[in-house]
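Below you'll find the structure, written out as C-alpha cells, and then a few comments.
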Amino acid sequence: MLLLKLLDVGFLVLHTVLIVFNLFGWIWAKTRRLNLITLLLTGASWFGLGLIYGLGYCPFTDWHWQVKWRLGERNLPDSYIQYLIHELSGLSVSRELADALTAGAYFLALACSIWTNWR
C-alpha cells in the first residue's frame, strides 16, 4: 500500500512537471531541443497511440489511473487536465473544456518550440 501511495504521488509530480515543461521549456535556450522532443513525443502519444487507445491517449495518465484504481479510487476523469484543475482549484470542468484548453496550450507551445528551435 505504501508503494502504491508513493507511485501515486510520483505520477502526480512527474506528470505535472512534464506538462509544465511542455508548456514553457521552449523559453530557455538550454532546454529548447529537449522541449521540442517531449512535445513531439506527447503528440505521438496523443495522435499515434491515440489511433489504438483513443485520441489523446497518454500512458502516464493510464499508469497513474491504474495505481489510483488499486488504491480504491473510482470515477476518475478521462482527462488528466480535468483531474489537475479539480485537485488544484476544486473546480470541475467539462471534458470538452479541458480538451480544448489542453489542445490550445499544446499547439501554442509546439509553435513556440518550433519557432525558437528554428531560429
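Laboratory data are not the source of any read-out in this text; all were calculated from the coordinates shown. Everything numeric here is computed off the predicted structure, so don't read it as measured data. We place every Cβ from the backbone using ideal geometry, glycine too, and count neighbours over all the protein chains shown.
Overview of values
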{"item": "Efficiency of FRET between A103 and N75 - r from beta-carbon atoms, R0 30 angstrom, step 0.05", "result": "0.80"}
{"item": "Distant-in-sequence amide H partners of Y57 (H built 1.01 Å from N, under 5 Å)", "result": "G50"}
{"item": "Net dipole in debye of the stretch 2-118 [+1 Lys, Arg Cβ; -1 Asp, Glu Cβ; about Cα centre; nearest 20]", "result": "340 debye"}
{"item": "Over the chain: helical MRE at 222 nm, DSSP H runs n ≥ 4 each giving -39500 (n - 2.57), nearest 500", "result": "-23000 deg cm²/dmol"}
{"item": "Helix 2-24 vs. the chain, principal-axis angle (Cα, 0 to 90°, nearest 10)", "result": "20 degrees"}
{"item": "log₁₀ of I(q)/I(0) at q = 0.21 Å⁻¹ - the stretch 8-54, Debye sum with one point per alpha carbon", "result": "-0.77"}
